[in-house]
Amino acid sequence: MKIIVCVKQVPNTNQIKINPETGTLIREGVPAILNPDDANALEEALKVKDANPGTTVTVITMGPPQAKEMLQECVAMGADEGILLSDRALGGSDTWATSNAVAAGIRKVGDFDIIFAGRQAIDGDTAQVGPQIAEKLGIPQVTYATEFDIDGDSVVVKRALEDGYERLKVKMPCVITAIKELNTPRYMSIRGILKGAKQEIKVWSADDIGVDRSVVGLKASPTNVFKSFTPKPKGAGLTVEGDTAKEKAANLMADMKARHII
Ligand SMILES: Cc1cc2nc3c(=O)[nH]c(=O)nc-3n(C[C@H](O)[C@H](O)[C@H](O)COP(=O)(O)OP(=O)(O)OC[C@H]3O[C@@H](n4cnc5c(N)ncnc54)[C@H](O)[C@@H]3O)c2cc1C
């Protein structure tokens, strides 16, 4: 079985800062991590590999040259190879252009049975890229996967909905997007870390993947960011004193009267 996992290197959002003048993300000095949902996507692929000897797991990302490190970490977790799509022509892509590039990269990889992606990236947060890749490759998709099994030439997926679950059976090849409830990602092993450090990561340009340059990059992207800002912090709250609910209510009324709110 051949599995492809789409991964994205994202800034560690706990430490994100916005430049107040330009409104853009300050990436300098912010550590980059494997997008959390993508770790779940990779873990599920590795579980299939563990259960089905001969399975190969390829991780693919579109990003800047430093995304190589993340791919090496994925190899250290157990992936067989990493592919980095990196080219100035791909820079500034929005989700539509990103999925055009990643789908072109996947076409170049060739044969595959399952594509795993994360549900959502913690920086872009759109949850659009996985489903768009499925559409562009013309294959079925199941998003928000919480359980995954293989059944012959199909996969059975339990999918989270807002108010419940549904179980779907779809034929391979297909795209599955993972959420954190799907599994617990494994740690890198010492042997894996050594393998990852030595492993050559393939770097493919826009020409290598044969993508039409009019559908990738900033100019081709239909989305425009007009403004980006951090909401102003809210003022400190007020704790209403009192031993009983009645006393607290009376104190609150008195306070609101004093402020001429009522
Ligand atoms: C005008 C414009 C310019 C932009 N320029 C840049 C830029 O220069 N650099 C930048 O980092 N972002 C840029 N972005 C943000 C970019 O659109 C998104 O980060 C990117 O398209 C992925 O969307 P997302 O983060 O919402 O991913 P989601 O759709 O939330 O991701 C879902 C899943 O898709 C897969 N996935 C997402 N992105 C990739 C990827 N790159 N490679 C492989 N798999 C992936 C992962 O499995 C991920 O979990 C730009 C956005 C706009 C609107």
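The values are calculated or read from the model by the stated rules, or taken from the named source; none is laboratory data. Keep in mind that what you see is a predicted model, and the values were worked out from it rather than measured. For neighbour counting, all protein chains shown are included, and Cβ atoms are generated from backbone atoms with ideal geometry for every residue, glycine included. To get the accessible areas, we keep the full protein, side chains included, count just its heavy atoms, and leave off ligands, DNA and RNA. Shrake-Rupley method; radii C 1.70, N 1.55, O 1.52, S 1.80 Å.
Residues whose amide H lies under 5 Å from that of K8, counting only those 5 or more places away or on a different chain, are N35; hydrogens are built 1.01 Å from N in the peptide plane.
Taking P11, P31, P185 in turn, the Gaussian network model of the chain (Cα-Cα springs below 10 Å) assigns the largest fluctuation to P31.
The string of couplings for the stretch 229-242 from the Karplus curve (6.51, -1.76, 1.60, θ = phi - 60°) is 8, 9, x, 4, x, 6, x, 5, x, 10, 9, 7, 7, x Hz, one whole number per residue in order, with x for Gly and Pro. Heavy-atom accessible area, probed at 1.4 angstrom with all protein chains present, ranks D151, D80 as D151, D80, highest first. Protection proxy ranking for 198-208, 131-141, 224-234, 248-258, using the average of other Cβ atoms within 10 Å per residue and placing the highest first: 131-141, 198-208, 248-258, 224-234. Of T95, T146, T239, the residue with the greatest mean-square motion in the GNM of the chain, using alpha carbon springs below 10 Å, is T239. Centroid-to-centroid, using Cα positions, the stretch 225-251 and the stretch 184-213 are 48 Å apart. In this structure, the residue pairs whose Cα-Cα separation is over 24 Å, taken from K8/K219; K17/K227; K17/K198; K47/K136, are K17/K198; K47/K136.
In this structure, the amide hydrogen of I176, modeled 1.01 Å from its nitrogen in the peptide plane, lies closer than 5 angstrom to those of I115, F116, A117, V142, counting only residues at least 5 positions away or on a different chain. Backbone phi angles across the stretch 81-89, fed through the Karplus curve with coefficients 6.51, -1.76 and 1.60 (θ = phi - 60°), yield HN-Hα couplings of 8, x, 10, 10, 8, 9, 6, 4, 5 Hz in residue order; Gly and Pro are listed as x. Lys/Arg Cβ at +1, Asp/Glu Cβ at -1, dipole of the stretch 93-194 taken about the Cα centre: which of I193, G110, L137 is farthest positive-ward? Selected residue: I193. Assuming charge only on the beta carbon of Lys and Arg (+1) and of Asp and Glu (-1), the dipole of the chain about its Cα centre is about 460 debye to the nearest 20.
Sequentially through the stretch 168-182, phi angles give Karplus couplings (6.51, -1.76, 1.60; θ = phi - 60°) of 10, 10, 10, 6, 7, x, 8, 10, 10, 10, 9, 10, 5, 5, 5 Hz, Gly and Pro residues having no value and appearing as x. For L85, the residues whose amide H sits under 5 Å from its own are T61, M62, G63, W204, ignoring neighbours fewer than 5 places away on the same chain, with H placed 1.01 Å from N.
Run through the DSSP bridge list for the chain and note the antiparallel percent, rounded to the nearest 5. Show your work: numbers first, answer last.
Details: 19 of 43 bridges.
Restricted to the chain, the bridges split so that about 45 percent are antiparallel.
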